[in-house]
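Written below as structure tokens is the structure these notes are about.
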Amino acid sequence: TGVQTCVFRSPLPDLGYDTQLASAIATRQAQAATLSEQLQDFRQVLQNAPVGYLEVDEENRLLWCNHRAQEYLDIDQGDYAQPPLLLAVVRSYELDQLVDRTRKRQEICESCWTFNSISTDPSNYLERPAYPLQGHGLPIGRGHVGVFLANRQEAVMLAQQRDRWISDVAHELKTPLTSIRLVAETLQSRVAPDLTLWVDRLLDEVIRLSRLVDDVLNMSNLEQRQKASQSEPGEDADLVSLVQAAWQSLEPLAGLKHVDLIYEGPSQLIAQVNVSLMHRVFFNLMSNAVKYSPAGECVRVRLSTSI
């Protein structure tokens, strides 16, 4: 009987598959290295940006912030075993609200506030910085939120200088306008009849300029009172009654132009306001409406609790 011998041979390795796998791994590694470099570049740009930037995760833990944000928010960049809560390193209710609002709405949100750094040492409280800040919240994904911060100190100072300059110019204009008006009124009875029309036109223009100067001064004083009263508590007042009181003061002028008031809103609306300041607001608004409305028209005032 013949003996048959069977030989089993293992299949040869597929060198093509291994080559493809190695190539794919190398490509992924190269992509990961490129993304890592880009991330470092972005971090470097944000680190040296002229605005502050910070990023928090879905649990409001501070993941990263640049040097300008540390300066604005007085953040002590210490060594933490894990990312700290934002409120633990920055005692700012407004910033925390901006982050929450951005996360809920999933859209860019904006907020302005004055940040006062709170020190654990009461003796250093007045020495710590206070900045008028403007923040823009940006939803990033996975519940993370990035916040860009800008210092508005220079803008606030420029606005104050502008208001001061406008007020000074208005005060300086009052004296010469008053003198010109006195001269024009004196000339009304002394010029020839054929020149009276020109003197009347001159007097009307001077009166118009004087009213414009008064409006500028009133608005400047109103803004100053508003800023001064922001820290003062208001009192409960009926806004409808304030509107009616302001209109009563304007009824003589409105009667000359046959301008009527149309009020739309509730019969009573109680709000906590500065009564004298709010009366001045209503008076100025309706006064301008009466002055610049054509004769026989109506001034419409609407009060509502909705925005």
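The values are calculated or read from the model by the stated rules, or taken from the named source; none is laboratory data. Keep in mind that what you see is a predicted model, and the values were worked out from it rather than measured. Here the Cβ positions follow ideal geometry from the backbone for every residue, glycine too, while neighbour counts run over all protein chains shown. Just the protein is used for accessible areas: all its heavy atoms, side chains included, with ligands, DNA and RNA removed. Shrake-Rupley method; radii C 1.70, N 1.55, O 1.52, S 1.80 Å.
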note = Scanning segment 151-201 for residues that are of a type in the set (S, T, N, Q), in contact (Cβ under 8 Å) with a residue 24 or more places away in the chain and under 30 Å from E110 (Cβ atoms) gives N151, S167
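Residues checked against (1) at pLDDT 85 or above; (2) part of a strand (DSSP E or B); (3) closer than 20 Å to N218 by Cα; (4) among the acidic types (D, E):
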| position | (1), (2), (3), (4) |
| --- | --- |
| V240 | yes, no, no, no |
| L253 | no, no, yes, no |
| L256 | no, no, no, no |
| L261 | yes, yes, no, no |
| Q272 | no, yes, no, no |
| A289 | yes, no, yes, no |
key: Residue within segment 59-75 that is hydrophobic (A, V, I, L, M, F, W, C), at pLDDT below 90, touching a Ser or Thr at 6+ places or on another chain (Cβ under 8 Å) and open to solvent by 40 Å² or more (accessible area, probe 1.4 Å) present   = no
Criterion (of a type in the set (K, R), surrounded by 13 or more Cβ atoms within 10 Å (Cβ to Cβ) and closer than 30 Å to Q70 by Cβ) met by exactly one of R181, R152 = R152
request  = Output the number of residues of segment 59-86 satisfying the condition of being in a loop (DSSP other than H, G, I, E, B) and under 18 Å from W113 (Cβ atoms).
outcome  = 3
request  = Give the number of residues within segment 275-287 that are at pLDDT below 85, of a type outside the set (S, T, Y) and more than 12 Å from L239 (Cβ to Cβ).
outcome  = 4
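On the basis of being touching a Pro at 6+ places or on another chain (Cβ under 8 Å) and surrounded by 11 or more Cβ atoms within 10 Å (Cβ to Cβ), does R164 make the cut?
It is false that R164 is touching a Pro at 6+ places or on another chain (Cβ under 8 Å) and surrounded by 11 or more Cβ atoms within 10 Å (Cβ to Cβ).
Those residues that are within 15 Å of D96 (Cβ to Cβ) and among the aliphatic types (A, V, I, L, M), I need them from segment 51-62; list them, please.
Scanning segment 51-62 gives L54, V56, L62.
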request  = With the condition kept exactly as written, say whether any residue in segment 134-148 is basic (K, R), open to solvent by 60 Å² or more (accessible area, probe 1.4 Å) and in contact (Cβ under 8 Å) with a residue 40 or more places away in the chain.
outcome  = yes
ask   = Take the residues of segment 44-58 that are open to solvent by less than 90 Å² (accessible area, probe 1.4 Å) and assigned to a helix (DSSP H, G or I): which is farthest from V145 (Cα to Cα)?
value = Q47
query = Out of the residues in segment 207-234 that are of a type in the set (D, E, K, R) and at pLDDT 65 or above, which is least open to solvent (accessible area, probe 1.4 Å)?
reply = D215
remark   = A careful count of residues in segment 260-307 that are among the β-branched types (V, I, T), under 17 Å from V240 (Cβ atoms) and surrounded by fewer than 15 Cβ atoms within 10 Å (Cβ to Cβ) gives 3
ask   = Of all strands (runs of 3 or more DSSP E) completely enclosed by segment 108-190, which ones contain at least 1 residues that are modelled with pLDDT under 85 and polar (S, T, N, Q)?
value = 109-116
